[in-house]
Amino acid sequence: MTKRPHFDNTLDLFTMVDKSNGHRSDPDQEVQRGSSQERKPSRRSATAEIVAGLDIGTNKIAVIIAELDPRQNFQVIGVGVAPSEGLRRGVVVNLEKTVVSIQKALREAELMAGREIDAVYVGIAGDHIRSINSRGVVAVSGPDREITPDDVRRVIDAAKAISLPIDREIIHVIPQEYIVDGQGGIKNPIGFSGVRLEAEVHIVTGAVTSAQNIYRCVQRAGLKVKGLVLEPLASSYAVLGEDEKEIGVGLIDFGGGTTDIALFFEGSIRHTAVIGLGGRNVTNDIAQGLRTPVEQAEKIKLKYGCALERKEDGNEMIEVLGVGGRPSTMVPRSYLTAIIQPRVEEILTLAKREIQRSDYADFLSAGIVLTGGGAMLDGIVELAEQIFDMPVKLGIPHGFGGLVGLARSPIHATGIGLIHYGMRFRQEDMHEEPEDDSALFESILNWMKRLVKDLF
Ligand SMILES: Nc1ncnc2c1ncn2[C@@H]1O[C@H](COP(=O)(O)OP(=O)(O)OP(=O)(O)O)[C@@H](O)[C@H]1O
Ligand SMILES: [Mg+2]
């Protein structure tokens, strides 16, 4: 039975993976951890439904396991984090190391949750990601000119018929709005009468090899991929409110290897981009500027790092371990800030340029929301406000219960967002497409009844 189309504007039915096999075909079927069929269910495998997110970041790999409750909320029951060593700028460059990290994070999350998982929603980023807006047009097919799910499917197919180089694939096709006989702004056109149906969609593409490598790593770690989700899109589910998306908001995920951007206006995603710079560049600058090992530079950044010079830091001195056995030195904290600030300014200025290129710079009334580990750098919100000249706030994941203390961090915006995303798909899955015309008519009638009830 075919799946019912996803009519939510942030929905993405076309990249959805059939849960019967759980993943796209991949030549590399080797699974070190053992296939999910072989693995025994744990004692805690109760009736509650589980959704899991896997955030394969440049700095850390995080697995988040959540249990859905009957009211369609979720409780985070497991969080596992492992250092990531197999990625560069958001792209897998070492399969073995990435698999080991996924397995570590998975084990930790499963132990905490007391449940085993066999499938995950996985984030994808990297500077190979590109996005465009596209439009499709079809004639409404039915004799009574009433728009059906099939018309919607056809118009989306028409909108995504773009010419793509052989080495790129479509990751998301996200409907923004539908236009029926010239009347725009329609989020769900089913049941409308019309002759001409148009769809505006946002298409995200990525390098085929990058996506395949993610599939390989996840499969080798013994998991199935339920869906591949653009990381800033996932993060947006965790930190943005519908009201912010309506009046216009920009999400910037300042990660370890990439800085991801997603812009929303009138409730829909309008622009996405990935910049290949992040917190690792800040750390490397510190290592070079202070002549200290990278691990030491990272520690110094986390403890003393600041993106904006403050008068009160002027006289404070910090100890810096020398490289290659050289003696430690004491340097003013303001010197550290003078290393960090230009790099963070550069990254945020590139993000600003990307926003300006998008045509939506003047439509971000709710300002900017910062997520990712880099967003936790002291002073970055103030610096970002100066650069973007609009309100900026830290994006803390919301909308869940359970292990709130562990997961309510900008670092877990992508992981928590993947669960939100998975939960939406799961809900859509429950509505199977009606098999015959009478069932279809009944479903449209019910939908219209619900719509009327919502409106009045
Ligand atoms: N408290 C903090 N202050 C400053 N920087 C921080 C802090 N905590 C984490 N970071 C930085 O955040 C970065 C990691 O962020 P995050 O975990 O979001 O990246 P990632 O998801 O692994 O990478 P990416 O999304 O780029 O592939 C690192 O560079 C780390 O140094
Ligand atoms: Mg990330």
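The values are calculated or read from the model by the stated rules, or taken from the named source; none is laboratory data. None of these values were measured; they are calculated from a predicted model. Cβ: placed from backbone, ideal geometry, glycine included. Neighbour counts: every protein chain shown.
Here is how the numbers come out for the structure above:
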quantity	calculated
Residue check for Gly222: in contact with a strand residue (DSSP E or B) (Cβ under 8 Å, 6 or more places away or on another chain) and at pLDDT 95 or above	no
Cross-chain or 6+ apart pairs with Cβ under 9 Å, region 46-57 first and within 22 Å of Val99 (Cβ to Cβ), then polar (S, T, N, Q)	Gly53/Thr414; Asp55/Thr414; Ile56/Ser84; Ile56/Thr98; Ile56/Ser101; Gly57/Ser84; Gly57/Thr258; Gly57/Thr414
Considering residues of region 220-275 that are out of contact with any helix residue (DSSP H, G or I) (no Cβ under 9 Å at 6 or more places or on another chain) and in contact (Cβ under 8 Å) with a residue 40 or more places away in the chain only, the residue nearest to Ser131 (Cα to Cα)	Leu230
Total residues in region 58-75, condition away from ligand 2 (no atom under 14 Å from the Cβ), touching a strand residue (DSSP E or B) at 6+ places or on another chain (Cβ under 6 Å) and either part of a loop (DSSP other than H, G, I, E, B) or touching a residue at least 60 places away in the same chain (Cβ under 8 Å) (or both)	5
Qualifying helices (runs of 4 or more DSSP H) (wholly inside region 175-291; at least 1 residues being surrounded by 24 or more Cβ atoms within 10 Å (Cβ to Cβ))	208-220, 231-239, 279-290
Test result for Ser358, surrounded by 12 or more Cβ atoms within 10 Å (Cβ to Cβ) and not β-branched (Val, Ile, Thr)	yes
Members of region 81-96 found to be loosely packed, with under 15 Cβ neighbours inside 10 Å, within 15 Å of ligand 2 (Cβ to nearest atom) and charged (D, E, K, R), listed by number	Arg88
Failed item, numbered, when Glu312 is tested on (1) modelled with pLDDT under 95; (2) under 25 Å from Asp55 (Cβ atoms); (3) acidic (Asp, Glu)	(2)
Boolean, Val100 is farther than 30 Å from Pro165 by Cβ and assigned to a strand (DSSP E or B)	no
All positions within region 118-144 that are under 25 Å from Arg88 (Cβ atoms) and either away from ligand 2 (no atom under 16 Å from the Cβ) or assigned to a loop (DSSP other than H, G, I, E, B) (or both)	Ala125, Gly126, Asp127, His128, Ile129, Arg130, Ser131
Count - residues of region 126-144 that are loosely packed, with under 15 Cβ neighbours inside 10 Å and either more than 14 Å from Glu198 (Cα to Cα) or touching a residue at least 24 places away in the same chain (Cβ under 8 Å) (or both)	7
Residues of region 328-353 that turn out to be touching a Leu at 6+ places or on another chain (Cβ under 9 Å) and either of a type outside the set (A, V, I, L, M) or part of a helix (DSSP H, G or I) (or both), as a count	15
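For every residue, the table says whether it meets (1) more than 16 Å from ligand 2 (Cβ to nearest atom); (2) under 28 Å from the mean Cα position of the chain (by Cα).
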| residue | (1), (2) |
| --- | --- |
| Gly279 | no, yes |
| Asn284 | yes, yes |
| Cys306 | yes, yes |
| Arg310 | yes, no |
| Gly324 | yes, no |
| Glu382 | yes, yes |
